[in-house]
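Shown next, in structure tokens, is the structure this report addresses.
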Amino acid sequence: MHEFGIIEGIFKIIEKTADENKITKISKVKLKIGQMRQVIPEMLQSAFEAVSKNTKAMGAALEIEHVPIIMKCKECGREFVVKNDTYTCPDCGGFKLEVISGQEVVLESVEGERV
Amino acid sequence: MEIKVMKSVLEANEDRAQQIRELLKSKNIYMLNFIGSPGAGKTSLLEKTIESLKERFRIAVIEGDVATDKDAKRLQKYDLPIIMVNTDGGCHLDSMTIEKALEQLDLDNLDLIFIENVGNLVCPAEFDLGENAKIAILSTTEGDDKPAKYPFLFREASSVVLNKADLIEYTNFDRKLFIENVLTLNGQMPIFEVSCTKRNGLDDWYQWLEKELLKN
């Protein structure tokens, strides 16, 4: 996904959370991003630095948890991690699948202080 | 202190998309989201599809582009409602844009809405617009390796249209490999090999589309 778009979307939630909790200085932002989004960590970092300039989040650490792509086979119920972009059940070869994880773009938490 | 948020960044877009979905269902309107690279043939496919369906279905088009109204102008000859959306640099349409576009349409007198998304294989697939189906459009001149590079689109799409099939002999495009690549990502994906300019292979696409329309 478009890294700038993610950061801009996240920022709205970050600022709201900081305001609601009276946080004046944000020290860390934790994100959970599914691997199907094909996000490039360095680009996300650059985007974050650019967008956070002169805001409460300037200088904050950006921590990203990359969530693996896990699918569940609708035919036999097997859950498996997708490797090599292969979306077929390793047990029964079925391709009717349900997404268990891998598409997330979640703001997990915001850390900061009331300075 | 750490404040747990656990909010999806896409939540706002998805909530709105769901509302759009419910609205269109209540009006018995089927909406398609055409996604493909610049130059793949989205507008050409729309032209042919409109020609095939316009006698039997009341159609409207939401035309998304970064700039210009060139695509919208090409569709004007069919005399149907066209809502032009310029994103001014944005690389995809989102549900807010569609919601505003729908306000300009007479939903009580429509059966079918086609969205032509911005030419881009990455971002458009990630934004739910409240459509019934996403259609992925590629062309043979872009290479047979594209599916693996854009897994999100190929998992989300309901069908793939491979355009410019008449040019395969002038390229390195490996048809079997392409189909294999698509089916590895999504084993139940219908693939339509067409040439919009030569009007080849389109009947299978029209038939599939009509079956989908009547199902809903």
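Quick note: the coordinates plus some simple rules give every number you see, no bench work behind them. Just so it is clear, the structure is predicted and the values come from calculations on it, not from any experiment. No Cβ is skipped: glycine too gets one built from the backbone with ideal geometry, and neighbour counts run over all protein chains shown.
Within 10 Å of each candidate Cβ there may be at most 14 other Cβ atoms; applying that plus a DSSP loop requirement, which trypsin sites (Lys or Arg not before Pro) in region B:142-211 survive? Provide the component values of the computation, followed by the final result.
On the way: sites: B:149, B:155, B:164, B:175, B:176, B:198, B:199, B:211; in loops: B:164, B:198, B:199.
Filter output for region B:142-211: B:198, B:199.
What average count of beta carbons from other chains do you get within 10 Å of the Cβ of residues in A:99-108?
Working: counts 1, 0, 0, 3, 6, 3, 6, 7, 7, 5.
Mean shielding by partner chains, rounded to a whole number: 4.
Tell me which GluC sites (Glu not before Pro) from region B:1-94 have a DSSP coil assignment and no more than 16 other beta carbons within 10 Å of their own. Could you put the intermediate results ahead of the total?
Details: sites: B:2, B:11, B:14, B:22, B:47, B:51, B:55, B:63; in loops: B:55.
For GluC sites (Glu not before Pro) across region B:1-94 that sit outside H, G, I, E and B with at most 16 neighbouring Cβ atoms in 10 Å, the list reads B:55.
Express the Stokes-Einstein translational diffusion coefficient of chain B in µm² s⁻¹, to the nearest whole number, given a Kirkwood radius over alpha-carbon pairs, 10 °C and a viscosity of 1.306 mPa s.
Details: Rh = 17.8 Å.
It diffuses with D of about 89 µm²/s by this estimate.
Classify region B:25-149 as rounded, prolate or oblate, taking a ≥ b ≥ c as the square roots of the eigenvalues of its Cα gyration tensor: rounded when a/c is under 1.5, otherwise prolate if a/b is larger than b/c and oblate if not.
Details: a/c = 1.57, a/b = 1.39, b/c = 1.13.
Note, shape of region B:25-149 comes out prolate.
Extent of the protein assembly as shown along each principal axis, from alpha carbon coordinates, in Å, largest to smallest?
Sorted from largest, the Cα extents of the protein assembly as shown read 67, 49, 38 Å.
I'd like the Karplus ³J(HN,Hα) series for region B:203-216: coefficients 6.51, -1.76, 1.60, θ = phi - 60°, whole numbers in Hz, and an x wherever there's a Gly or Pro.
4, 4, 4, 4, 4, 4, 4, 5, 4, 5, 4, 6, 5, 9
Using DSSP to define loop residues, name the trypsin sites (Lys or Arg not before Pro) in region B:32-72 whose beta-carbon has at most 15 other beta-carbon atoms within 10 Å. Don't skip to the answer; put the middle values down first.
Values: sites: B:42, B:48, B:54, B:56, B:58, B:70; in loops: B:54, B:56, B:58.
Here the trypsin sites (Lys or Arg not before Pro) that fit, given the DSSP loop and packing criteria, are B:54, B:56, B:58.
Report the residue, chosen from A:55, A:17, A:86, that carries the largest GNM mean-square fluctuation when chain A is represented by alpha-carbon nodes joined by springs under 10 Å.
A:86
Could you work out, residue by residue across A:17-27, how many beta carbons of other chains sit within 10 Å of that residue's beta carbon, and then give the average as an integer? The partial results should precede the final answer.
Working: counts 4, 1, 0, 1, 2, 0, 2, 0, 0, 1, 2.
If you average over the peptide's residues, the count of other-chain Cβ atoms is 1.
Output wanted: per-residue J couplings in Hz (rounded whole) for region A:103-115, from phi through Karplus 6.51 cos²θ - 1.76 cosθ + 1.60, θ = phi - 60°, x for Gly and Pro.
10, 5, 9, 10, 8, 6, 7, 10, 10, x, 10, 8, 8
As a check on your grasp of the helix formula, calculate [θ] at 222 nm for chain B: sum -39500 (n - 2.57) over DSSP H runs of n ≥ 4, divide by the residue count, round to the nearest 500. Provide the component values of the computation, followed by the final result.
Details: 8 runs with 78 residues, N = 216.
Calculated mean residue ellipticity at 222 nm is -10500 deg cm²/dmol.
If each residue's Cβ is checked for other Cβ atoms within 10 Å, how do B:87, B:43 rank with the fewest at the top?
On the way: B:87 16, B:43 23.
Neighbour counts put them in this order, fewest first: B:87, B:43.
Peptides B:119-125, A:58-64, B:95-101: what's the order by average Cβ count within 10 Å, highest mean first? Kindly include the intermediate steps, with their values, before the conclusion.
Values: B:119-125: 21.4, A:58-64: 15.0, B:95-101: 19.1.
So the peptides B:119-125, A:58-64, B:95-101, ranked by packing, come out B:119-125, B:95-101, A:58-64.
Taking each residue of B:56-64 in turn, how many C-beta atoms of other protein chains fall within 10 Å of its C-beta, and what is the average? If you can, show how the numbers build up before the last one.
Details: counts 0, 0, 0, 0, 0, 0, 0, 0, 0.
For peptide B:56-64, the averaged partner shielding equals 0.
With a 10 Å Cβ neighbour count serving as the proxy for reagent exposure, in which order, fewest first, do B:91, A:73, A:92 appear? Write out the running numbers ahead of the final one.
On the way: B:91 16, A:73 20, A:92 12.
So the ranking, lowest neighbour count to highest, is A:92, B:91, A:73.
Using only the Cα atoms of region B:1-78, build the gyration tensor, take square roots of its eigenvalues as a ≥ b ≥ c, and label the shape rounded, prolate or oblate: rounded if a/c is under 1.5, else prolate if a/b is larger than b/c, else oblate.
Values: a/c = 3.43, a/b = 1.77, b/c = 1.94.
Because a/c hits 1.5 or more and a/b fails to exceed b/c, region B:1-78 counts as oblate.
Only bridges with both residues in the protein assembly as shown count here: give the DSSP antiparallel percent, nearest 5.
Numbers: 21 of 56 bridges.
Among the beta bridges of the protein assembly as shown, antiparallel pairing accounts for roughly 40 percent.
Calculate log10 I(q)/I(0) of chain A for q = 0.15, 0.20, 0.23 Å⁻¹, where I(q) comes from the Debye formula with a single equal point scatterer on each Cα and nothing for solvent.
-0.69, -0.95, -1.16
List the pairs from A:83/B:176; A:53/B:146; A:53/A:83; A:16/B:70; A:12/A:72 whose alpha-carbon separation is above 31 Å, in the order I gave them. Mind showing how you got there, number by number?
Values: A:83/B:176 21 Å; A:53/B:146 36 Å; A:53/A:83 37 Å; A:16/B:70 40 Å; A:12/A:72 33 Å.
Exceeds cut-off: A:53/B:146; A:53/A:83; A:16/B:70; A:12/A:72.
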